[in-house]
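Encoded as structure tokens, the structure appears first; notes follow it.
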Amino acid sequence: MAKLVGRLNPSQRILMGPGPSNCHPRVLRAMSTPLIGHLDPDFLQIMDETRSMLRGLFRTKNEFTIAVSGTGSAGMETCFVNLIEPGDRVVIGINGVFGERMTDVAARCGAKVVRVESEWGKIIEPDQIKKALARGKTKVVALVHAETSTGAATPIEEISKIAHSKGALLLVDTVTSLGGMPVDIDKWKVDACYSGTQKCLSCPPGLAPVTFSEKAMKLVRKRKRKVQSWYLDMSMVERYWGQERFYHHTAPISMIYALREALCVIHEEGLKARFARHMRNHRALVAGLEAMGLKLFAQEGHRLPMLNTVEIPEGVEDVPVRKALLKDHNIEIGGGLGKFKGKLWRIGLMGHSSTLNNVVLCLGALEKQLKAQKCRVASGAGVAAALATG
Ligand SMILES: *Cc1c(COP(=O)(O)O)cnc(C)c1O
């Protein structure tokens, strides 16, 4: 029979964009573990171990901590469809693409969406939320912890106090932050939180870790109407992940293997050491970029360690630089979104991709490509400044 396509052999890339990040090799190996049945007692144990390590990562005692079958956006949808009933007032912080996506998801659930907006690159200020809450009885306040489209980290704890003082639940997106910077669900009193596997967990995309407080689960169980999504109805999924093993849908077994292994890698490194590594490499990258005369975009003091937004210098074209980084150096970085298309680069240092070697390689390659565009950069300044931070 004639061959239809060639052997599967994509280029080996250094993933320094907004996700996915490079997988840890142990995670890739775990994915080739032979399948067992999803109701096999061995698999139940694997799911239990995964949940318990997830609780450690989220820093929560929440019984309801699982991985939804789907990417980060499925996690977002899970939180909204389960907590919201038509007519509920939801206050959403919007300072980038993912806050905007939340408003779309919430509106589809029939929520009355109240938009609290900050300029892109800036954080959502507690006062803004306070004002929105004063204007009406609110069921949920929703925030993006780490806005991947802009590189800004909104502090959660203070807004949490404000939300709870008004009787609202707090829903937080930690897709980009989880595993790369502190996320403290119980201390911050977050009621519903979702994440994704392909950013700082360094797994392939495909699962969305979620955790619900007991208060949030009570609300789900006593809803007036059924959750409109059968697949994402957590009152049913809860029975599948629990001891009852009530069949709901077939868990993506290889992805659970991957997540379990990724969580082992994370816990072996230790959260403190892992967050410190992300911060160290972020500082090295920033020092290098600034030494090259480039400007960081996100609000100072609130910059994400795993996602760095850089302003593209005047006269430099976005696409040719990114194309050359990919073609000549196998490095992927991200472009700007929305109105920042062509204006920003987004350089990720997530999970297994967060290394000083990657920082140095990226700075060196960027210098070469900037020079190719007639941009004046002091030779070697970026790499030297990055290495000097170590
Ligand atoms: C990537 C991302 C998402 C969406 O996740 P997908 O896996 O692409 O569905 C949601 N929120 C934030 C902050 C993200 O960075």
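Per residue, the solvent-accessible area of the chain (1.4 Å probe, heavy atoms of protein chains only, all protein chains present) comes to 44 Å².
Each part gets one Cα centre, and for the range 109-145 versus the range 301-368 those centres are 30 Å apart. Loop-located trypsin sites (Lys or Arg not before Pro) in the range 352-390 (DSSP state not H, G, I, E or B) with no more than 15 neighbouring Cβ atoms inside 10 Å: LYS374, ARG376.
Here's the picture: charge each Lys and Arg Cβ at +1 and each Asp and Glu Cβ at -1 in the chain, and of GLN369, HIS145, VAL321 the one pushed furthest to the positive end of that dipole is HIS145. Each Lys and Arg Cβ is given +1 and each Asp and Glu Cβ -1; about its Cα centre, the chain then shows a dipole of about 560 debye. Taking a span of 18 Å or more along the helix axis (Cα atoms) and a mean Kyte-Doolittle hydropathy of at least 0.0 as the rule, the DSSP H helices of the chain that qualify are 253-269, 356-372.
Summarising the amide proton neighbourhood of VAL68: residues at separation of 5 or more, or on other chains, whose placed amide H is nearer than 5 Å comprise ALA208, VAL210. May I ask which of LYS199/LYS222; LYS161/LYS343; LYS199/LYS343; LYS341/LYS374; LYS161/LYS295; LYS189/LYS272 have a Cα-Cα span longer than 27 Å here? The answer is LYS199/LYS222; LYS161/LYS343; LYS161/LYS295. Taking LEU344, LEU325, LEU39 as the candidate residues, the one with maximal mean-square fluctuation in a Gaussian network model of the chain, Cα springs under 10 Å, is LEU39. Tally Lys and Arg at +1 and Asp and Glu at -1 over the other residues with C-beta under 11 Å from the C-beta of ARG59: what net charge comes out? It works out to a net charge of +1. Of the beta bridges in the chain, as assigned by DSSP with both residues counted there, near 50 percent are antiparallel.
Packing, as the average of other Cβ atoms within 10 Å across residues, places the peptides 346-353, 214-221, 88-95, 141-148 in the order 141-148, 346-353, 88-95, 214-221, highest first.
Look at the dipole of the chain built from charges on Cβ: of ALA134, PRO155, ILE92, the Cα furthest out on the positive end belongs to ALA134. When a 1.4 Å probe is rolled over the protein heavy atoms, the share of accessible surface on the chain that falls to carbon and sulfur comes to 54 percent. A 1.4 Å probe over all protein chains sorts LYS226, LYS166, LYS339 by accessible area into LYS226, LYS339, LYS166, starting with the largest. Taking the chain as a Gaussian network of alpha-carbon nodes connected by springs under 10 Å, the highest mean-square fluctuation of the residues ALA132, ALA152, ALA262 belongs to ALA132. Among the chymotrypsin sites (Phe, Trp or Tyr not before Pro) found in the range 242-331, those both in a DSSP coil and sparsely packed, with 13 or fewer other Cβ atoms within 10 Å of their Cβ, are PHE246, TYR247.
The values are calculated or read from the model by the stated rules, or taken from the named source; none is laboratory data. All figures in this text were calculated on a predicted structure; none of them were measured in a lab. Backbone-built Cβ (ideal geometry, glycine too); neighbour counts: all protein chains shown. Ligands, DNA and RNA are excluded from the accessible area calculation, which covers all protein heavy atoms including side chains. Shrake-Rupley method; radii C 1.70, N 1.55, O 1.52, S 1.80 Å.
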